């Protein structure tokens, strides 16, 4: 069952892209800013977990390290907004894009300086374990990645749809001034969104590092996640996940069926096609400015 | 023949009908005003004429020819210029540069001649500048010529936007709430200017405005809209005293005091 | 404070606002011409490098700074220029033809690539151009018969009417070649910006809707901006190919794309000066870090400044500080300082205060 093995590993990779894409969409939905450093956030989350749990560093228990890493990343996200992003309030979108790109560079440099540029693997309690499903033999990590991602997306989707805080976040994005007038603490809400973005990045990082080595330039994976977010439509949470899964699936099959090199091109080519023919993405809509 | 005519134009956004089967004609040399409560579809009519929206039904004609096949940037070449309700000036440019962009529809130079700034380009620039200077004189903007928009007070910006529209040398001028946010004196200036635009420059004006004083002083004819539908058309006095108009503004059974 | 009395419309059309200004730039030009007498080959090479980046910076500035279209993919067009030039040279076509042709072809190809993505706004355009940069890297590898794949190409020697120009052999001649191209691009840039087309660019940047209502054909004007920008970048790419000597897909990677954008932001978006200031930072920062590192190692004995990637890290940090405290970049700071002295002692602190605009969504849902 070669096909299913490829598909599952593709889906597992796709879940990570999807989670990073989820981070973009989350922050975009709530603040209209695009965090080009989301991939680097993910890398940072992975390294923090490695630092907490691996023997060569602190050696904490895996189950303690996970919530701790998520908390640290949430705190980092929150602080980043309070110290840096908040000053950009009311500035053009492009300024925020450039700012987050620069932050990504800084995070990458910092990670390299702290944890070196050597690729490192997260030590998990279930390394090497397998899941037997029908006639298939699957890596435990791959299955775990897919399940955790699905649960997290569902949770976030419901959060924005039902929870009061989630709705306030959406309102704050649509018209900051109006939201402020009806008593929504816009600034704090935005910081919370960044914290949420940080913790989602931490989860993505943990999942990524449990099934493959991480180094400071892993953050460039964020570009692939952009493709995912665009394919899904930039404003849609489930769309981001589906976009990620599509890209995750394309890669192994393109590598299988096409000459070398084409498989790397495939995700971006698909994204450009989506941008050209359905610029709103497959699951969302875009429109003109009102005058 | 009328300069501009809308024939049974309908446009809806989703379930909301913004403009419902509206027809009117604007004759040459006229000042024609659209009035009505917020959300009546007045600005939408402007955006339809500017070709930002496509009507679902009906036709829009300029000089008897349909404009529905034109792109928005081709509309100015028919001699139509407009202002915007929320002022859409080029913030990072000076007043002079803003007005010069109004000359865009008269651009004759091509990329190659502009790259080397050929003498023909220079000659053309001087001509554009001459037209722009006349507009500056007319609207008394001399003091602000080299000032950046970003630093100008609201009232001046309104005038600059009018000036930019005039710099295109239009036949038909669309003014979207020219007096909103202006002081009493500034509004009076606006009244004189609109009268001069009509009488001296022979420009036809189509205007959306809430200030009934301004509407009544300059308009030849007024069309009242509510919920996208025509309520009444006629002279300012006729429209103001029309029972449907009074109802639309005040609900049922009120007196109108303007 | 200087008052400029204008007597004719030409006073606003000409390139220099007043006589002293023309004099300053003339003095700068003379200094640039005399530079080979003042600097040794190494530093002349550094200045050459800065000028090449300034050309590329002007290319991107025209698009991003003046037309408001973000490109995170301009390294792809640097690559295109470099490869086109090198391939044509190796076919025996003389350099005086290959260089301009490389620029023009890059412009045309760039425009064709850009046409479908031009409808996109803001982030979508940024992401699409980012993808172009990533794709360029892969395409160079895949087009091995032309590009040499990962092995890359060696830029053939330059021969202008029997004059051999080489970055190492005749650095002075190479410097003058680059200086000439810089001045040529500068002239064209300035001319465009004082023409109707340049005004249309700026208009589109500040309010697309209003530009359209005044008769600016958005698609055509954006495509033109892209074409000119790519052509200029292609010229810079061709020169960069010669400067590097040999290059492959890694030379023009995505990080370079991003660096180009960061460079013009540091320099100051929306001013041609900004392209030059930014290029200076990019060009001299590694030297500056190296000197600081040597100094730190010698005097304090620590070695922490020798980590890999420190240039990009420091560069990004400078950028963040600029965006937060001086969004108009080095040029903006320079204008403030100049105004301070011109108006002394009447300068007010909030003279250049930015107006805050509250963000309102452009989405409907």
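Of note:
- Between the C-alpha center of the stretch A:161-227 and that of the stretch B:97-175 there is a gap of 45 Å.
- P(r) of chain B over all Cα-Cα pairs, binned every 10 Å from zero, in whole percent: 7, 29, 34, 21, 7, 2, 0
- Estimated 222 nm signal from helices in chain B, with DSSP H stretches of n ≥ 4 weighted -39500 (n - 2.57), rounded to 500: -10000 deg cm²/dmol
- Mean separation of Cα contacts under 8 Å, 6 or more apart, over the residue count of chain B: relative contact order %: 27 percent
- Nearest-0.05 FRET efficiency for residue A:82 and residue A:137, computed from C-beta distance (R0 30 Å): 0.05
- Footprinting exposure proxy ranking of A:157, A:105, B:116, C:300, fewest other C-beta atoms within 10 angstrom first, gives C:300, B:116, A:157, A:105.
- Alpha-carbon centroids, the stretch C:90-118 and the stretch C:6-35: separation in whole Å: 32 Å
- In the protein assembly as shown, the alpha-carbon atoms span a convex hull of 201 Å³ per residue.
- Helix A:237-257 vs. chain A, principal-axis angle (Cα, 0 to 90°, nearest 10): 40 degrees
- Antiparallel %, DSSP beta bridges [both residues in the protein assembly as shown], to 5: 65 percent
- Peptide C:311-319, shielding by other chains (average Cβ, 10 Å cutoff): 5
- Kirkwood analysis of the stretch A:16-218, using all unique Cα-Cα pairs, places the hydrodynamic radius at 17.6 Å.
- Percentage relative contact order, chain C, counting C-alpha pairs under 8 Å, at least six apart: 28 percent
- C-alpha long axis of helix B:119-138 to longest principal axis of chain B, angle in °: 40 degrees
- Using alpha-carbon coordinates, inclination of helix A:140-162 to the longest axis of chain A, degrees: 20 degrees
- Scattering from the stretch B:89-169 was approximated by placing one identical point on each alpha carbon and applying the Debye formula without solvent; log10 I(q)/I(0) at 0.12, 0.22, 0.23, 0.25 1/Å stands at -0.35, -0.96, -1.02, -1.13.
- Treating each Cα of the stretch C:1-143 as one equal point scatterer and applying the Debye formula with no solvent, the log10 of I(q)/I(0) at q = 0.10, 0.11, 0.13, 0.17 Å⁻¹ comes out as -0.56, -0.67, -0.86, -1.09.
- Near-label residues of the stretch A:54-86 by backbone N, under 18 Å of a point 7 Å along Cα→Cβ of residue A:155: A:62-78
- Legend: mean number of C-beta atoms from other chains within 10 angstrom of residue C-beta atoms, peptide B:124-134, equals 2.
- Sum of -39500 (n - 2.57) over DSSP H runs of 4+, divided by residues of chain A (222 nm, nearest 500): -24000 deg cm²/dmol
- Within the stretch B:1-61, all pairs of alpha-carbon atoms sorted by distance into 10 Å bins from zero give the percentages 22, 56, 20, 2.
- Sequence of A:246, C:318, C:228, C:30 once ranked by neighbouring C-beta atoms within 10 Å, starting from the fewest: C:30, C:318, A:246, C:228
- Equivalent ellipsoid semi-axes - Cα gyration tensor, the stretch A:37-136, angstrom: 32, 16, 14
- For the stretch B:15-162: Kirkwood Rh in Å [reciprocal of mean 1/r, alpha carbons]: 18.0 Å
- Each residue in C:11, B:54, B:176, B:211 was given a count of other beta-carbon atoms within 10 angstrom of its own, and listing them fewest first yields B:54, C:11, B:211, B:176.
- Contact order relative to length of chain A, as percent, for alpha carbon pairs under 8 angstrom and 6 or more apart: 35 percent
- With each label modelled as a point 7 angstrom along the Cα→C-beta vector, the residue A:162-residue B:202 pair spans 7.1 nm.
- Evaluated at q = 0.16 Å⁻¹: base-10 log I(q)/I(0), Debye formula over Cα of the stretch B:160-258: -0.74
- Computed over Cα pairs, the Kirkwood radius of the stretch C:39-343 leads via Stokes-Einstein (0.692 mPa s, 37 °C) to a diffusion coefficient of 164 µm² per second.
No value in this document is a laboratory result; all are computed from the given coordinates. Quantities reported herein were computed from a predicted structural model and do not represent experimental measurements. Positions of Cβ are backbone-derived with ideal geometry, glycine not excepted, and every protein chain shown enters the neighbour counts.
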